[in-house]
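Below: one structure, written as structure tokens.
The values are calculated or read from the model by the stated rules, or taken from the named source; none is laboratory data. Since the model is a prediction, treat every value here as computed from it, not as a measurement. Because the Cβ atoms are built from the backbone with ideal geometry, glycine has one as well, and the counts that use them run over all protein chains shown. Protein only, heavy atoms only, side chains kept; ligands, DNA and RNA dropped before computing areas. Shrake-Rupley method; radii C 1.70, N 1.55, O 1.52, S 1.80 Å.
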Amino acid sequence: MNRLSVTSSELSNIKQRMLGVSERLKEERKRLGLSQEMAANALGISVDSLYGYEKNKTNPPVSVLLPFSDLGADVQYIVTGVRSSANLPDTEQKLISAFRAAPEPVQTGILAMLQVVPVADASASDQSQDVKPKFMGKVGQVIEGDVKIKGKQTFKF
């Protein structure tokens, strides 16, 4: 069922998301290594206009977002706050695809290794220790097997 009206709660949510557009626009400009002047020149707008978009004085029109996309900006991210994988380098796309295809225990291990999530206890009876793994070695080496780490460990390959 389609609705033609928006509740005040939904309108408030939309306004909150729109506030983030200016911040994300600026974030993308900086990620691309562009000054305001460089970006404005490349987009064919004045620095004052870009400043206004980045300070949430007005929202950038499509005529600005499309050329910004051509410069490498993630316009989906600017508008929605959700990154588009289409703008990721090939290596990052492969990493995401492999991560998504991996079983949950492998995903958990990868996140723990990257220190994105804490390392889980091996069993409820063991005392939890904060493990900060340090891996040194050549790129492409694989570590396999069930390992229960107690205390400080360093692995050198």
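Values computed for the structure shown
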{"read-out": "Residue in region 69-85 that is more than 15 Å from the chain's Cα centre (by Cα), at pLDDT 90 or above and of a type in the set (A, V, I, L, M) present", "value": "no"}
{"read-out": "Residue count for region 23-45, restricted to those that are of a type in the set (A, V, I, L, M) and either closer than 19 Å to LYS57 by Cβ or crowded, with 19+ Cβ neighbours inside 10 Å (or both)", "value": "6"}
{"read-out": "Answer from ASN41, ASN56 - the residue that is part of a helix (DSSP H, G or I) and not aromatic (Phe, Trp, Tyr)", "value": "ASN41"}
{"read-out": "Pair list, Cβ under 7 Å, 6 or more apart: region 43-55 residue charged (D, E, K, R), other residue buried (at least 16 other Cβ atoms within 10 Å of the Cβ)", "value": "GLU54/SER22; GLU54/LEU25; GLU54/LYS26; LYS55/SER22"}
{"read-out": "Given (1) under 30 Å from SER97 (Cα atoms); (2) modelled with pLDDT under 90, number of the condition LEU65 does not satisfy", "value": "(2)"}
{"read-out": "Pick from region 107-119, criterion modelled with pLDDT of 80 or more and open to solvent by 80 Å² or more (accessible area, probe 1.4 Å), ranking: farthest from VAL21 (Cα to Cα)", "value": "MET113"}
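Condition check ((1) in contact (Cβ under 8 Å) with a residue 12 or more places away in the chain; (2) open to solvent by 60 Å² or more (accessible area, probe 1.4 Å)) across all residues:
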| position | (1), (2) |
| --- | --- |
| PRO67 | yes, no |
| GLY72 | yes, no |
| TYR77 | yes, no |
| SER85 | no, yes |
| THR91 | no, yes |
| ALA102 | no, no |
| PRO105 | no, yes |
